[in-house]
2 protein chains.
Amino acid sequence: MKPILYGDLRSGNCYKVALLASLLEIDFELSFVDVMKGEARSEQFSKINDFQKVPAWQDSNGFLAESNAILNYLAEIHESKLLPADPWLKAQVLKWQFWEQYVHEPAVAVARFICLYQKKPENRLDELKVCQQKSHAALLKLEQHLASHSFLVDNQFSIADISLFAYTHVAEEGEISLDPFPKIQDWLSRVESTSGFKSMAQLKSSLT
Amino acid sequence: MKPILYGDLRSGNCYKVALLASLLEIDFELSFVDVMKGEARSEQFSKINDFQKVPAWQDSNGFLAESNAILNYLAEIHESKLLPADPWLKAQVLKWQFWEQYVHEPAVAVARFICLYQKKPENRLDELKVCQQKSHAALLKLEQHLASHSFLVDNQFSIADISLFAYTHVAEEGEISLDPFPKIQDWLSRVESTSGFKSMAQLKSSLT
């Protein structure tokens, strides 16, 4: 079977997987799941993916949820250099990915969701402000690291960069300015210049 | 050098690492970091661990933050069966660990922190209630999975179980009842019965 990515390419978490799959030249399909209509929690989708989340990846082995787990899986089975073979470097990749999901994503992605998807409803404005403050702190940490590193791990482009790129490059859609972070801006450009890179819009038009 | 675990064994995230290191019979030291005194963000600690978080693991390679990254690293370099070799099963381990950090821990561990560490200050009672509700939903998901699985991945004890055990077994310290979750209770007992298992208290007395 041709692998299927369930999700919505506006979501950074889904984009991560689509970008890596594209870089690995995997022939896959996109199956659109509209989270705004609650489709990830629908009975039909829950039956195939008990985590009720997108992205989900389906191949001959079954279903896999959690964007960063999917990145590690695809990089490993394709023996990609985007996941270093050395255990210490691999651990650094995971360190950044767990940090992304615990610190960065709940701030940056939620701010963006409130602005872009929900159009800033009155009852979430306080939360938006908190997310923007936390985003600034997370981006500051990223900026400090990138002041002395060209990419997150071992100065080589890896799936850790894909994980952090996904929401950082659209942070301004959450009304989080990247102006104070020149090193991040340079790194975003470096990621966008890697061979085979595709933007959200490019993947959307090629997959749908 | 003898590896050092920086942290506080009351923290589930630190306990995860201490438990695995003990199961792997690694000869390591515990260096106590008092998060209640802000020691993880002190200038001295930040210098050695720029993630300003505990647990942190130090060995001849350097410093590593993020509990689940440390678990994967230690299991891999010790070629432990607690991390399956098969890429699909390994991906399932990561799926549970990312879910733990995104969904389970921010609910269960934060409720416990507010109750146990902070003694329920008035200004966090609303947040406590939200965390308890989210904990219940997360535990329900775990319960459903454990209704048909003896351990989280491939019915074998793995580092995914260690990751989820850490805060689940002390959920009641966050005033989250485990009474509605008999399958979780059975699984906690199975984890506690694995060969070489050590409780938080046992590790604390042997390491300090």
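Descriptive notes on the structure:
- The magnitude of the dipole of segment A:4-81, with charges of +1 and -1 set on the Cβ of Lys/Arg and Asp/Glu and taken from the Cα centre, is near 300 debye.
- Calculated FRET efficiency for the pair A:L89/A:S150, C-beta based, R₀ 22 Å, to 0.05: 0.90
- Distance from the A-onto-B rotation axis is smallest for the Cβ of the chain A residue given, in whole Å, as A:Q101, 3.
- Nonlocal amide H pairs with A:H149, under 5 Å, H built at 1.01 Å: none
- Inter-copy spacing of B:E39 label points, which lie 7 Å from Cα along Cα→Cβ, given in nm from shortest upward: 5.1
- Straight Cα distances below 19 angstrom link A:K37 to the aspartates and glutamates A:D8, A:D50, with same-chain residues fewer than 8 positions distant left out.
- Calculated [222 nm] ellipticity per residue, helices only, for chain A: -15000 deg cm²/dmol; basis is -39500 (n - 2.57) per DSSP H run with n ≥ 4, divided by all residues, nearest 500.
- For B:A56, the residues 5 or more places off, or on other chains, whose built amide H falls under 5 Å of its own are B:Y6.
- With every protein chain in place, segment B:42-155: carbon and sulfur % of accessible area (1.4 Å): 50
- Fraction of antiparallel bridges per DSSP, the protein assembly as shown only, in percent to nearest 5: 65
- Applying 0.36 nm per residue to the separation of A:H136 and A:T194 and subtracting their alpha-carbon distance, the gain on full extension is 18.3 nm.
- Each other copy places its own label point for A:H149 at 3.0 nm from this one, sorted shortest first, where the point lies 7 Å along the Cα-to-beta carbon line.
- With a cut-off of 12 Å between beta carbons, the residues surrounding B:T208 carry a summed charge of 0, where Lys and Arg count +1 and Asp and Glu -1.
- For chain A, accessible area per residue (1.4 Å probe, heavy atoms of protein chains only), Å²: 44
- Whether chain A is rounded, prolate or oblate, judged on the alpha carbon gyration tensor where a/c under 1.5 counts as rounded: oblate
- If only the Cβ of Lys and Arg carry +1 and only the Cβ of Asp and Glu carry -1, the dipole of segment A:74-183 around its Cα centre is close to 160 debye.
- Under-5 Å amide H pairs with B:F63, H placed in peptide plane, nonlocal only: none
- Spatial offset of segment B:158-208 relative to segment B:1-49 amounts to 19 Å, using the alpha carbon center of each.
- Among B:S60, B:N72, B:A166 the positive-end extreme of the charge dipole of chain B (Cβ point charges): B:A166
- Cβ-vector label at 7 Å, B:R124, separations to other copies in nm: 2.6
- Rounded, prolate or oblate (a/c below 1.5 giving rounded, otherwise prolate when a/b exceeds b/c) for the protein assembly as shown by Cα gyration tensor: rounded
- For chain B, the dipole from Cβ point charges (+1 on Lys and Arg, -1 on Asp and Glu) about the Cα centre works out to 260 debye, to the nearest 20.
The values are calculated or read from the model by the stated rules, or taken from the named source; none is laboratory data. What you are looking at is a predicted structure, and each value in this text was computed from that prediction instead of being measured. FYI the Cβ positions are ideal-geometry reconstructions off the backbone, even for glycines, and counts take in every protein chain you see. Calculation scope for accessible area: heavy atoms of the full protein, side chains included, ligands and nucleic acids excluded. Shrake-Rupley method; radii C 1.70, N 1.55, O 1.52, S 1.80 Å.
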